[in-house]
1. Angle check, please: helix 136-149 long axis (alpha carbons) against the longest principal axis of the chain (alpha carbons), in degrees 0 to 90, nearest 10.
2. Stretch residue 190-residue 168 to full length: gain in nm at 0.36 nm per residue minus the Cα-Cα span?
3. Give, in nm to one decimal, the length gained when the segment between residue 10 and residue 248 is fully stretched (0.36 nm per residue of separation minus the Cα-Cα distance).
4. Does region 3-231 classify as rounded, prolate or oblate by the C-alpha gyration tensor (a ≥ b ≥ c root eigenvalues; a/c under 1.5 gives rounded; else a/b over b/c gives prolate, otherwise oblate)?
5. Say R0 is 41 Å: what FRET efficiency, to the nearest 0.05, do residue 17 and residue 125 get from their beta-carbon distance?
6. Before anything else, pin down the relative contact order of the chain: Cα pairs under 8 Å, at least 6 apart, normalised by residue count, whole percent.
7. According to a simple spin-label model (label point 7 Å from Cα along Cα-to-Cβ), what is the distance in nm between residue 65 and residue 105?
8. Once both labels are modelled 7 Å past Cα along the beta-carbon direction, what's the residue 296-residue 178 spacing in nm?
């Protein structure tokens, strides 16, 4: 076992226990205030629990009962949050090389390591830039490279894509999918697609407690907690891979982002996309969407601040003014459009 942690915070009413196998990525899901970030803070050493113990690769990170507390920088963990927190006085290359340099590497050796990791996250061309010249997506790629250049035994990611523009999230998700493969990591997220594409296992927290855990697809297919049931409301088109898309038994063809697809032709696959990514039209739309489906509205139901439009195969979340403008009602004929960049495809 790579990690075992049990931690209790009395004032926050958080009491959590988690195990992580070597090379495993676990996604921690849950509503705001459920204790997800508190868990990461305890592992990273930036929050002291009132009780508990954590052991990483045989090394005790903390043991409250006997007074053991390892300094954050000595734990072999790297914590990456929404804000990349890059050093503004250093260029990108030296930002990424900071970890090796701090560990005693020469400047040349640290820069060589930095170039390797910048290449791994497709950011080699950013090496000479100052951090103020980076977009949000570029800065987060650099932050990933910097975290990995320090050779952490455990990578901790706290909502790493929450602050990014939605247009760059799919590409960033593919970067993380590549670099997390075979690496011990815990990712806190609100996005179920992160769990589906990045995690081997899911832990669901509510009210400071773990209420559900298990293999990612099992938890999302058969959720037992209220939060698990809520996040499982994705559109899933199951079938076989066909020319960068998924063909369902009913004949629906759902295309995904080309460079995110690594499913062999003809293999069992699923296309997954959020109802919020689906736009509703009363006439066939023109323009960029690769996926346009004719459908009939089955029912309308409130969904938070929006209205969920249910059809036989696809759900869409729209605002109440859109429902009124399009005169949507059960039985209405509509066209549903989804950009391929919003669709994730993976093997089943």
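1. So the inclination is approximately 40 degrees.
2. Gain on extension, residue 190 to residue 168, equals 6.2 nm.
3. Details: separation 238, 0.36 × 238 = 85.68 nm, distance 4.98 nm.
Answer, rounded to one decimal: 80.7 nm.
4. Details: a/c = 2.03, a/b = 1.34, b/c = 1.52.
It is oblate, given that a/c is not under 1.5 and a/b is not larger than b/c.
5. Working: r = 44 Å, r/R0 = 1.07.
The formula returns an efficiency of 0.40 here.
6. Values: 741 pairs, mean separation 54.2, N = 348.
In percent, rounded to a whole number, it is 16.
7. Calculated label separation equals 3.9 nm.
8. 4.6
A short reminder: the numbers here are calculations on the coordinates, not readings from a lab. Predicted model, so just to flag it, every value in this text is computed and none were measured. Note: ideal-geometry Cβ built from the backbone for every residue, glycine included; neighbour counts use all protein chains shown.
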